[in-house]
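The values are calculated or read from the model by the stated rules, or taken from the named source; none is laboratory data. Quick caveat, the model's predicted, so the values are computed rather than measured. Here Cβ is always computed from backbone atoms with ideal geometry, including for glycine, and neighbour counts include all displayed protein chains. Just so you know, the surface numbers come from the protein's heavy atoms only, side chains and all, with ligands and any DNA or RNA stripped out. Shrake-Rupley method; radii C 1.70, N 1.55, O 1.52, S 1.80 Å.
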Amino acid sequence: MTKDMKDIVALCKRRGFIFPASDIYGGLNGFWDYGPLGTELKNNLRDRWWKDMVLCPPLGPDGAPVEIVGVDSSIIQNPKCWEASGHVGGFNDPMVDCKESKKRYRADHVVVYWPKDGQGSGVAFDKDAEDAEIEKRLKKLTNKALADFDTAKLDQIDTAKFANIIGPDVKTPGTLTEPRQFNMMFHTFVGATSGDENKAYLRPETCAGIFLNFKNVLDSSRTRVPFGIAQIGKAFRNEVTPRNFIFRSREFEQMELEWFCEESEVPMWFDFWVDQRTRFWDAVGIPKSALHFLDVPKDELAHYSARTIDVEYAFPFAAPGYDELEGIAHRGNFDLTQHQQFSGQKLDYFDQATNSRFLPHVIEPSTGLTRGVLALLCQAYTPDESRPSGVYMNFTPAMAPKKAAILPLTAKEDHVPLAQKLYLELREDFAVDLDIKQNIGKRYARQDEIGTPYCFTVDNDTLADHTVTVRDRNTMAQERIHMDKVADYLKEKMK
RNA sequence: GCGGGAGUAGCUCAGUGGUAGAGCAUCAGCUUCCCAAGCUGAGGGCCGCGGGUUCGAUCCCCGUCUCCCGCUCCA
């Protein structure tokens, strides 16, 4: 059984899950619109996250209920916020292109070896190049030994000297272009005039809005450490290469929790949240067997993080590997420290019990809602040549955009009125379809393709004893239940 | 941004220098007591967009946009 992204993308478009944004204008790279079914699916996943995190959060490791509150912060904040977070300074990496090798390099990742005697060209290497390899290439290109060179990072070198540098993958000097800034943040202007003084950014992640409101929440909500603040919302990144359907898009939606605790309790809470998040994915239909937990190696950690576990999912485009679905990071107290410094406002927490002040440490389970939707779609997509539709979407009942279809077995006779009655009853509580036209097989197939877990069919027996058949999407098996029990049946299945 | 591939019906694709087809989907009718997406029919495309060559371009050329694959990037 193979899952091909092309087929999944086609089904999403055909059945109204996801469309290219601005489709009638030819689309826009990295942007997507959610159609009728996709919106329901996304909302179901979003609401389930909010319920599990904020409305009905779990019991903590000690058995006591954990406390989490929500915020909904502005997408545009004071630009100083992004200086404090490091996004303005740290993520505008200057890049250089090589006209010869057609490769692109981060300027600070390229090391240039300059001859100490000033004779001949400088030779550039990737920062991770092995000594033996460097020595060999220097010898070949300049006939000098490693000890005859000084080194400097490319971003520290005057561009006037670039003409005399041999790029990392070529043999002649002068092929490297001037460094150019790559800004991952979308910028905009606040107010009617556009100039540097009112430049602002669309948030590249939602968590900053949580840290900015840390003090406001403390002052207004009687929360006490340990506690969490959650937020769901859009974020924007000017990705160099949007790729893999909605996996890496320029506008996306995040679900983030910042869990504030004492430093000494970090390991306990870290493990707790990894466990909780795994349970969540399992509950919405992503089993642990489809996940991979990557303990991010120290040298690849973000500058603020002491430990991060990437929860990766077996996306078809990553096969046979995995790609990131969620990151659970120990951010230390980096964010509060930075915002305290840049804003000049005290953000420390006063603990009445111990009469001490401190900046809490943070555990951040951060996931992409839209990546979650993609994982749900990929996981649900099930080719099955034995059935007419050739495929069905195996959503859990709780996540499925449509919970059930009500089908009169025939369009004539007297099946229709009973089906309508059942439909009107169910639609008060569930997203259900009533489908009367065409033969029953065609209608089952249609529901399979959009992942409706149950079909209730009215037939001749219904007229006599008010029972209907329940047809299970995955097994195609049927059982009879009383019409009055259908609502309870659905409710039970959606737990 | 670079290299390669591709844009024809809602989807997947054929096709020809003389203004277009198939399968599926959609809709209507028929059939059907349960997978018979079976039967009949209908709607739907200025062949991505803009130029150029030509008597004439969906086809050839140029530009542009978008998508896919590989680099680069992914805090």
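Here are the numbers:
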{"item": "Cα centroid separation, the range A:1-45 to the range A:54-85 (Å)", "result": "29 Å"}
{"item": "Principal-axis tilt of helix A:36-50 within chain A, Cα atoms, nearest 10 degrees", "result": "70 degrees"}
{"item": "Largest to smallest accessible area among A:Leu377, A:Leu59 [probe 1.4 Å]", "result": "A:Leu59, A:Leu377"}
{"item": "Electrostatic dipole magnitude of the range A:361-495 [Cβ: Lys, Arg +1; Asp, Glu -1; Cα centre; debye, to 20]", "result": "320 debye"}
{"item": "Per-q log10 I(q)/I(0), the range A:92-182, q = 0.17 Å⁻¹ (Debye; single scatterer per alpha-carbon; no solvent)", "result": "-0.63"}
{"item": "Projected area, mean over directions - the range A:395-494, Cα convex hull, nm²", "result": "5.5 nm²"}
{"item": "For chain A: relative contact order, % (alpha-carbon pairs under 8 angstrom, 6 or more apart)", "result": "13 percent"}
{"item": "For the range A:266-281, Karplus couplings with θ = phi - 60° (6.51, -1.76, 1.60), whole Hz, Gly/Pro x", "result": "4, x, 4, 6, 4, 4, 4, 6, 4, 5, 4, 5, 5, 4, 4, 4"}
{"item": "Taking the range A:395-494 and dividing mean pair separation by its residue count, relative contact order in percent (alpha carbons under 8 Å, at least six apart)", "result": "31 percent"}
{"item": "Solvent-accessible area per residue for chain A (1.4 angstrom probe, square angstrom)", "result": "49 Å²"}
{"item": "Karplus 3J(HN,Hα) series, Hz, for the range A:405-411 with 6.51 cos²θ - 1.76 cosθ + 1.60 (x for Gly, Pro)", "result": "10, 10, 10, x, 4, 10, 7"}
{"item": "Largest-first ellipsoid semi-axes for chain A, taking √(5λ) over the Cα gyration tensor eigenvalues, angstrom", "result": "51, 31, 20"}
{"item": "Probe 1.4 Å, all protein chains present, accessible-area order of A:Lys485, A:Lys3, largest first", "result": "A:Lys485, A:Lys3"}
{"item": "Note, ³J(HN,Hα) from phi for the range A:149-154, Karplus 6.51, -1.76, 1.60, rounded to Hz, x at Gly and Pro", "result": "10, 9, 10, 8, 6, 4"}
{"item": "Loop-exposed GluC sites (Glu not before Pro) per DSSP, neighbour cap 10 Cβ within 10 angstrom, longest uninterrupted part of chain A", "result": "A:131-384"}
{"item": "Carbon and sulfur %, accessible surface of chain A computed with the full protein complex present, 1.4 Å", "result": "48 percent"}
{"item": "Centroid-to-centroid separation of the range A:416-467 and the range A:109-182 [C-alpha atoms, Å]", "result": "71 Å"}
{"item": "Three-way shape label, the range A:287-433, alpha-carbon gyration tensor, a/c 1.5", "result": "oblate"}
{"item": "Rounded to 5, the percent of DSSP beta bridges in chain A classed as antiparallel", "result": "85 percent"}
{"item": "Accessible surface of A:Arg250 - all protein chains present, 1.4 Å probe, nearest 10 Å²", "result": "40 Å²"}
{"item": "Simple Cβ-charge dipole of the range A:92-182, Lys/Arg +1 and Asp/Glu -1, about Cα centre, in debye nearest 20", "result": "340 debye"}
{"item": "Long-range HN-HN contacts of A:Phe31 with modeled amide H, under 5 Å", "result": "A:Ala21, A:Arg250"}
{"item": "Residue order for A:Arg471, A:Arg248, A:Arg357 - accessible surface, 1.4 angstrom probe, largest first", "result": "A:Arg357, A:Arg248, A:Arg471"}
{"item": "Largest-first principal axis extents of the Cα set of the range A:373-426 (Å)", "result": "41, 26, 11"}
